[in-house]
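The values are calculated or read from the model by the stated rules, or taken from the named source; none is laboratory data. It should be emphasised that the depicted structure is a prediction, and the values quoted were computed from it without experimental measurement. Cβ sites come from the backbone with ideal geometry, for glycine too, and all protein chains shown count toward neighbours.
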Amino acid sequence: MRRIIVLGLAFNMLTLLVQAQVLVSPDKNLSMKFELKEGVPYYQLTYKKKVVLKPGSLGLEVKDAPSFVDGFTLTDTKTATVDTSWNPVWGEQKTIRNHYNELTVTLTQKDQKDRFIQIRFRLFNDGLGFRYEFPMQDNLNYFIIKEEKTQFALSGDNKAFWLPGDYDTQEYSTVTSNLSEVRGKMKAAVTSNASQKTFSPTGVQTPLMMKSKDGLYINIHEAALVDYSCMSLDLDDKNFVLTSHLTPDAIGDMGNMQAPCQSPWRTILVSDKAGDILESKLVLNLNEPTKFEDTSWIKPIKYIGVWWEMITGKSQWSYTDMPAVQLGVTDYSKVKPHGKHAANTKHVKEYIDFAALHGLDAVLVEGWNEGWEDWFGKSKDYVFDFVTPYPDFDVKELHRYAASKGIKIIMHHETSGSVRNYERHLDTAYQFMVDNGYNAVKSGYVGNILPRGEYHYGQWMNNHYLYAITKAAEYKIMVNAHEAVRPTGLSRTYPNLLANEAARGTEYEAFGGNNADHTTILPFTRLIGGPMDYTPGIFETRVSAYNPTNNSFVHTTLARQLALYVTMYSPLQMAADLPETYNKFLDAFKFIEDVAVDWDDSKALEAEPGDYITIARKAKGTNNWFVGSTCDENGRMSSIDLKFLDKGKKYSATIYADAKDAHYETNPQAYIIRKIEVTSKSKLTQHCAPGGGYAISLIQKK
Ligand code: NOJ
Ligand code: CA
């Protein structure tokens, strides 16, 4: 009897071996096992023998047709190894290594006339990416996704840094809690937004950052979101299994597909060091190389803007107090202006002067065009035409003036979510930009989407965002899209997409505030997909200084605002405060003048999500480095080793730090600037105030 059992086991092991495939990472630290169990595909992941993901099933449900979830047999496997490198047009590093082992399994449904799909797995040293592929074949053409059923079966009740799952917005504060607490904390986490649609009491968004009980840092996101809807994760909080949940369209479908096609990559970053998550380039590596032949027109930008004064309520986007306007009908020249319109020629020239004096590249101007009187909340189709300025904004004169000072003006296209209207005007609007010297646009999608019923993160909208980016490229225009879907590394392929918002930016500091630990989390979450236009650089943290009726304050010390230029990577960086304020703190503003926006190298020196981040970056084409450090509300001592500096060279270090008595609530503007000489042998210990941080410029001596 015993013998029979042993034999039986051996037989089972044999079938298991045939059906199971193991893929290891180039450094052998990660191991992924794929197997079919009773026709259902499963995968699991380990890191240095610790469980990252237990067996989780894979597949998609299809509407009005058999699904891709079971009935599979493994009919082919292919493996490959790739080790190449590439140079981004702009980025955190000069050269990025793309090194992985690949396994592609072909899964056939014999009962569905041999219909088949492929799942392609790529295992890097820093994580796993996989996607579903639907090759061209006789028995598969059009299909509608009812739901994607990709499981991420976690090893336990991980600590998570999560946002409520939502089809329309990521502009929420991050909640830090164990997964078992998500349900209980969900209601309070869903704060109000101009457009929002949550879907589940345990639904969360990606990038989802987690820390396991055994010390693994795990991040789940997606790469190359193209012609597909955005993935959220629905949590089974008994078993700690996350299952993909796609954003539906206006009639509830999750995606319209036609073979050959594929899903975006599902990505899982893993390490036992938090800094490795920040340094990972896996999401970029899973995107396609750029197809743009000429990228010489794409340049990182440091800018100031006619912006914070409207966000704080000091001035306004609109020109008059009229409750309703109609483009082409309302004659603005006949109406008395309310006198708080910031985007007027004289005032914009002051910003241009400031930008020119301090070596900035550009000035953003919002509220320059007709239509702002009733732009929001009216579900108005024909809301802006993107080419008609208010009477006090002289397009030609400002173009001339800015050009004479070597400054670009950044265009602003607020669509108010009226997307058909934007597409209607897009060519004319881009041509207007070219004719008037603009080479970059900040676009925005505030409010519910028109066509009505579509969500910001659905397939139709994702196709729109990409359409706006590729069309912009035809006009050599760079794009910074706000309220668009969070990035998934697409700027590798379309490098004119400089940045997105897609999270709670600095603007929320004027709408009630961001948590003091916000910027110690965002690099682990939102920034995993790509750069954010976070708009740092607020030196006057009391919003009431600009608008006495607004009691919000910016949860930061002044020194930490400088650190954000380094810790919040973006090739597009704003100096978000007002010139009148910067003029009071010109010694601190010097760091914003000096800091680079493009880099040859980057290193995470210290990192713990939710607590602190210290990053060092080497400025493009120089031997100079910049360091930024940000911490949470508790404050801390930061200790860093400058061994990344060139050996045998001396550097002049300027340290912009919190004063001893600085505090983000009570004493935010207390900073000290000191200069010392350092080498690669130097170590620095630096005090960070509660809600504070520091910034350092390291200039190599000749
Ligand atoms: C929201 C954007 O995030 C903000 O930066 C912009 O000023 C307003 N919309 C108006 O377009
Ligand atoms: Ca926004």
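Side notes on the structure shown:
- Scope the stretch 413-449; condition among the aromatic types (Phe, Trp, Tyr) and either in contact with an Asp or Glu (Cβ under 6 Å, 6 or more places away or on another chain) or assigned to a strand (DSSP E or B) (or both); matching residues: Tyr445
- Residue that is surrounded by the most Cβ atoms within 10 Å (Cβ to Cβ), among those in the stretch 305-320 that are over 17 Å from Glu373 (Cα atoms) and within 16 Å of ligand 2 (Cβ to nearest atom): Trp308
- The condition of being among the charged types (D, E, K, R), in contact with a strand residue (DSSP E or B) (Cβ under 9 Å, 6 or more places away or on another chain) and buried (at least 21 other Cβ atoms within 10 Å of the Cβ) holds for only one of Glu102, Glu92, that being Glu92.
- Enumerated helices (runs of 4 or more DSSP H) restricted to the stretch 263-352, each holding at least 3 residues that are closer than 23 Å to Ala575 by Cβ: 308-311
- Against the test of being surrounded by fewer than 24 Cβ atoms within 10 Å (Cβ to Cβ), part of a loop (DSSP other than H, G, I, E, B) and at pLDDT below 95, the options Lys702, Lys647 yield a single qualifying residue, Lys702.
- Search result, residues across the stretch 275-295 that are within 20 Å of Glu222 (Cβ to Cβ), buried (at least 16 other Cβ atoms within 10 Å of the Cβ) and not β-branched (Val, Ile, Thr): Asp276, Leu278, Glu279, Ser280, Lys281, Leu282, Leu284, Asn285, Leu286, Asn287
- Ser379 away from ligand 1 (no atom under 16 Å from the Cβ) and closer than 24 Å to Asn193 by Cα: yes
- Lone unmet requirement of (1) surrounded by fewer than 15 Cβ atoms within 10 Å (Cβ to Cβ); (2) of a type in the set (Lys, Arg); (3) closer than 30 Å to Glu593 by Cβ for Lys349: (1)
- Count of residues meeting criterion [crowded, with 19+ Cβ neighbours inside 10 Å and assigned to a loop (DSSP other than H, G, I, E, B)] in the stretch 25-67: 3
- Restricting the stretch 438-479 to residues that are over 28 Å from Gln262 (Cβ atoms) and within 16 Å of ligand 2 (Cβ to nearest atom), the residue that is surrounded by the most Cβ atoms within 10 Å (Cβ to Cβ) is Lys442.
- Count - residues of the stretch 460-483 that are within 16 Å of ligand 1 (Cβ to nearest atom) and polar (S, T, N, Q): 1
- Residue satisfying all of: in the stretch 161-184; more than 17 Å from the chain's Cα centre (by Cα) and part of a strand (DSSP E or B); farthest from ligand 2 (Cβ to nearest atom) among these: Asn178
- So Ser232, is it assigned to a strand (DSSP E or B) and either in contact with a strand residue (DSSP E or B) (Cβ under 9 Å, 6 or more places away or on another chain) or surrounded by fewer than 18 Cβ atoms within 10 Å (Cβ to Cβ) (or both): yes
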